[in-house]
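Here the structure comes first, spelled out in structure tokens, and everything after it is commentary.
The values are calculated or read from the model by the stated rules, or taken from the named source; none is laboratory data. These figures come from a predicted structure and were not determined experimentally. Because the Cβ atoms are built from the backbone with ideal geometry, glycine has one as well, and the counts that use them run over all protein chains shown. Calculation scope for accessible area: heavy atoms of the full protein, side chains included, ligands and nucleic acids excluded. Shrake-Rupley method; radii C 1.70, N 1.55, O 1.52, S 1.80 Å.
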Amino acid sequence: MQLSVNGQSRDLELDNRTTLLDALREHLGLIGSKKGCDHGQCGACTVLLDGRRTNACLVLAVTCAGREVATIEGLAGPDGLHPVQQAFVEHDGFQCGYCTPGQIMSAVGMLEEFERGWPSAVTGEVQPAGLTAPEIRERMSGNLCRCGAYVGILAALTDVASRS
Amino acid sequence: MDFLQPSTMAEALAAKAEHPGAVPIAGGTDVMVEMNFDKHRPPALLDVTRVSELTEWGMDDGRVRLGAGVSYTRIIDELGDRLPGLAMASRTVGSPQIRNRGTVGGNLGAASPAGDAHPALLAADAEIELQSTAGTRVVKAHEFYLGVKRNAARRDELITAIVLTPPSGPQQFCKIGTRNAMVISVAAFGLALHPDRRVVRTGIGSVAPTPRRAYAAEEFLAAELESAGLWESRAELPTALAREFGEKVKAAGAPIDDVRGTAAYRLHSLAVMARRAVTWAWTDYRTARGT
Ligand SMILES: Cc1cc2nc3c(=O)[nH]c(=O)nc-3n(C[C@H](O)[C@H](O)[C@H](O)COP(=O)(O)OP(=O)(O)OC[C@H]3O[C@@H](n4cnc5c(N)ncnc54)[C@H](O)[C@@H]3O)c2cc1C
Ligand code: FES
Ligand code: FES
């Protein structure tokens, strides 16, 4: 099959039970996306599938033909780090770094969702002016961090949100 | 394992007829978890995500026809005004990543007593549309859940849509779990007031082998609202009435003890949620926000 990853079309021969996460890690050598739990609970495997954040461990690679997959490896541009990556560095948004690629991909998707005006479970009837701490926490709740770097992650995302 | 990937409804139904053992996969947030745990090795998977009739919603004669494969994210974003109860429930499902993939059709297919869409569907008097090559039939939500993880769909049928008239009054959804995100609910409660028909509808989750309605509570509240003339007067809801309603909702539960909570805790939560939900909904009704 053909899989389009970070704008490049890649040819792959896969068992149809292979998850997108295993296809990325084991067949394409893209090991940025991590396998924390393999059942949708930790978010370490988060990638963007047609722009939507998705747990790659819960998607079969065969269902991704014709769709665009974006992983952490493709995030930085020619001019350097993506603003979310930069903010994680500046605000100590990680300790061991295991959850970080998933956190960052999730955050990129999250910022875009907020931009579109999608409400969250903590959003009231009136949209708040910006991404408040409760909004960020709720919207990032699909990504766990075993090291507890949440304070730094929150600071990083508050910073990025205030700049955009 | 066979992998079937139909792109039209006709192809999908033909595939299901030919391979009744094939497991449909929509968002995959239940199916993949089972596969990754090796609990489940289906002979074939039937990918239903490329069939546009399943992934669209539309209005037909005042009723919403929600394709079984519309994601929670889209329900929250696109149907919050028409189906606030279902949208509220959708906001509490899993994480953003899960909501981007997960669907109500998948929730119905799994038919878990803890599925969050069910209380909202029950409260809205929703109907489930099932199709096979033999034709289409419609099952009322309260007749759809047959037992723990068993539903009314036959092996040759696909769940194709949820059809419902948006309730004419306010709706509420409450859920109690251990953490805010990704909670499998300890107890959940859905409520819709239908002032046009002078009826009250409820749905309770995680407190019985199947999602179910609290019939006695519905009848009790509707009768009290009627006899006190409250539907017309929109006067304040007596607190004793809200409390009694909560107790009657609780009486409809038949929970088990498990790691997520004892039966007594589940029932207590249910009574509290029902009392609060009816109070909020009635406040909305009085200020006519929900009508
Ligand atoms: C981390 C995590 C957290 C979760 N949290 C919640 C939660 O808070 N609340 C909740 O309710 N659920 C939760 N779930 C469960 C799951 O996300 C929901 O049940 C979801 O609605 C399933 O939808 P899906 O499209 O992903 O289903 P799938 O996994 O694709 O399918 C689920 C079942 O439905 C069948 N099916 C799917 N589509 C059809 C169809 N068109 N016709 C017939 N059968 C069909 C499948 O064969 C399967 O048996 C969670 C799951 C995970 C992994
Ligand atoms: S590895 Fe996919 S969510 Fe944990
Ligand atoms: S930085 Fe170690 S798990 Fe998050």
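Restricting A:SER164, A:SER120, A:SER106 to those that are within 16 Å of ligand 1 (Cβ to nearest atom), at pLDDT below 95 and of a type outside the set (Val, Ile, Thr) reduces the list to A:SER120.
Checked across the stretch B:172-189, the condition of being at pLDDT 95 or above, over 20 Å from B:ALA264 (Cβ atoms), in contact with a helix residue (DSSP H, G or I) (Cβ under 9 Å, 6 or more places away or on another chain) and open to solvent by less than 10 Å² (accessible area, probe 1.4 Å) holds for no residue. Scanning the stretch B:73-112 for residues being within 13 Å of the chain's Cα centre (by Cα) and facing chain A (nearest Cβ under 9 Å) gives a total of 4. Look at (1) open to solvent by 10 Å² or more (accessible area, probe 1.4 Å); (2) facing another protein chain (nearest Cβ under 10 Å); (3) assigned to a loop (DSSP other than H, G, I, E, B) and you find that A:SER120 fails only one, number (1). Listed by first and then second residue, the pairs linking a residue in the stretch B:76-98 that is more than 16 Å from ligand 2 (Cβ to nearest atom) to a residue that is charged (D, E, K, R), with Cβ atoms under 6 Å apart and 6 or more places separating them unless they lie on different chains, are B:ILE76/B:ARG91; B:ALA89/B:ASP116; B:THR92/B:ASP116; B:THR92/B:LYS175. Here is a check on your reading of the model: is A:VAL89 β-branched (Val, Ile, Thr), open to solvent by 30 Å² or more (accessible area, probe 1.4 Å) and within 11 Å of chain B (Cβ to nearest Cβ)? Against the criterion (β-branched (Val, Ile, Thr), open to solvent by 30 Å² or more (accessible area, probe 1.4 Å) and within 11 Å of chain B (Cβ to nearest Cβ)), A:VAL89 does not qualify.
In the stretch A:39-54, the qualifying residues are those that are away from ligand 3 (no atom under 16 Å from the Cβ) and not small (Gly, Ala, Ser), and the one that is most open to solvent (accessible area, probe 1.4 Å) is A:ASP50. Taking first residues from the stretch A:129-142 that are at the interface with chain B (Cβ under 10 Å from one of its Cβ atoms) and away from ligand 1 (no atom under 16 Å from the Cβ) and partners that are open to solvent by 30 Å² or more (accessible area, probe 1.4 Å) and aromatic (Phe, Trp, Tyr), no Cβ contact under 7 Å between residues at least 6 apart in sequence or on separate chains turns up. One residue stands out in the stretch A:55-82 among those that are aliphatic (A, V, I, L, M), closer than 22 Å to A:CYS99 by Cβ and more than 10 Å from chain B (Cβ to nearest Cβ): the one that is least open to solvent (accessible area, probe 1.4 Å), namely A:VAL69. Each residue in the stretch A:62-114 was checked for being under 16 Å from A:LEU131 (Cβ atoms) and away from ligand 3 (no atom under 16 Å from the Cβ), and 8 of them qualify.
Residue pairs whose Cβ atoms lie under 8 Å apart, sitting 6 or more positions apart in sequence or on different chains, and linking a residue in the stretch B:14-35 that is within 14 Å of ligand 2 (Cβ to nearest atom) to a partner that is open to solvent by 30 Å² or more (accessible area, probe 1.4 Å) and charged (D, E, K, R), are B:GLY27/B:ARG101; B:GLY28/B:ARG101; B:THR29/B:ARG101; B:MET35/A:ARG17; B:MET35/B:ARG41. Out of curiosity, is A:GLY97 within 16 Å of ligand 2 (Cβ to nearest atom) and more than 12 Å from chain B (Cβ to nearest Cβ)? Yes, satisfied.
Residues in the stretch B:34-57 that are within 11 Å of another protein chain (Cβ to nearest Cβ) and modelled with pLDDT of 95 or more: B:ALA44, B:LEU45, B:ASP47, B:VAL48, B:THR49, B:ARG50.
Of the set (1) open to solvent by 10 Å² or more (accessible area, probe 1.4 Å); (2) farther than 30 Å from B:GLU232 by Cβ, all apply to B:THR160 but (1).
Among the strands (runs of 3 or more DSSP E) confined to the stretch A:1-91, the ones with at least 3 residues that are under 27 Å from B:LEU4 (Cβ atoms) and in contact with a Ser or Thr (Cβ under 8 Å, 6 or more places away or on another chain) are located at A:2-5, A:52-55.
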